[in-house]
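Where a number appears in this text, it was derived from the coordinates with a stated rule and is not lab data. These numbers come from a predicted model, not from an experiment. No Cβ is skipped: glycine too gets one built from the backbone with ideal geometry, and neighbour counts run over all protein chains shown.
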Amino acid sequence: MTALVLLPGLLNDERLWAHQRHALAEQAEVSVADLTADDTMAGLAERVLAAAPDRFALAGLSMGGYVAMEIMRRAPERVERLALVSTAARPDTAEQTERRRDAIANARAGGFDKVPPALLPIMVHPDRAAQERVGGLFVDMARAVGPEAFIRQQTAIMHRPDSRPGLPRISCPTVVVVGRDDTLTPPDRAEEMAALIPGARLVRIGQCGHLSAIEQPQAVSAVLSYWLQG
């Protein structure tokens with residue numbers, strides 16, 4: 001059976017992928033990586049690779065997608081197939097980096113409790129922010145991840161490289177998934193990645209913001225099921 005490694009996003013834990021773990025359990029041996037312990041993309045990727053089997057399918061959402069692209073730079077021969085979900089290959093703009101620095105400063109000053117509610121409106125579709133299974137879950141995951149891991153994650157994200165030059169070298173079956181209403185990594189970023197990866201499929205999910213795995217879990221699970229079938 002295929003091994004499938006799922007990579008969460010910023011301030012997400014394994015609950016982000018709960019529906020997919022259950023839905024894909026008969027197709028793959030599914031595990032969710034912990035992306036809280038390192039403050040560089042290199043460190044995060046190496047930790048995932050150290051825990052993963054020799055060959056595996058890989059799916060990453062948002063920050064998890066950044067880590068997935070780092071893994072593709074380091075060990076492409078180990079990845080059987082790739083799913084890039086709600087993510088982008090471009091590095092931060094100067095404005096984005098400055099916002100991350102401000103968030104880190106606030107977290108260090110004891111203001112982390114304000115971070116999850118502030119991020120929520122850009123993380124999910126406006127119709128779902130008040131839903132416990134989406135907005136409530138995001139806040140719960142963020143609190144579980146906590147301020148120290150948040151600082152490490154933001155540091156890794158804002159120093160990540162431009163992944164676009166390496167995308168044309170990806171040779172495994174790849175799907176790129178994006179919510180049509182994602183304002184954080186919008187559809188044009190997904191279109192850019194899909195155009196650069198040979199043979200990649202692009203899937204747009206309606207009524208869906210950035211956290212597609214919990215906003216439209218059935219749709220994301222269906223896409224990944226089809227992707228695993230090859």
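Grab the Cα-Cα distance for ARG101 and ASP140, subtract it from 0.36 nm times how many residues apart they are, and report the gain in nm with one decimal. Please list the in-between numbers first.
Values: separation 39, 0.36 × 39 = 14.04 nm, distance 2.30 nm.
Gain in length upon complete extension: 11.7 nm.
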Cα→Cβ-extended label distance, 7 Å offset, between ARG74 and ARG180, nm = 3.8
At what distance in angstrom do the alpha carbon centres of segment 47-63 and segment 141-189 lie from each other?
-> 14
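Which of rounded, prolate or oblate describes segment 91-180 when judged by the alpha-carbon gyration tensor and an a/c cut-off of 1.5?
Details: a/c = 2.21, a/b = 1.29, b/c = 1.71.
Oblate is the answer for segment 91-180, as a/c is 1.5 or above yet b/c matches or exceeds a/b.
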Take the chain, connect every pair of alpha-carbon atoms lying under 10 Å apart with a spring to form a Gaussian network, then pick out the residue of LEU202, LEU82, LEU16 with the largest mean-square fluctuation.
-> LEU202
With R₀ set to 35 angstrom, the calculated FRET efficiency between the beta-carbons of ARG90 and GLU26, to the nearest 0.05, is 0.45
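Compute the Rg/Rh shape ratio of the chain: radius of gyration over Kirkwood radius, all on alpha-carbon atoms. If you can, show how the numbers build up before the last one.
Numbers: Rg = 16.1 Å, Rh = 17.3 Å.
We get a ratio of 0.93 for the chain.
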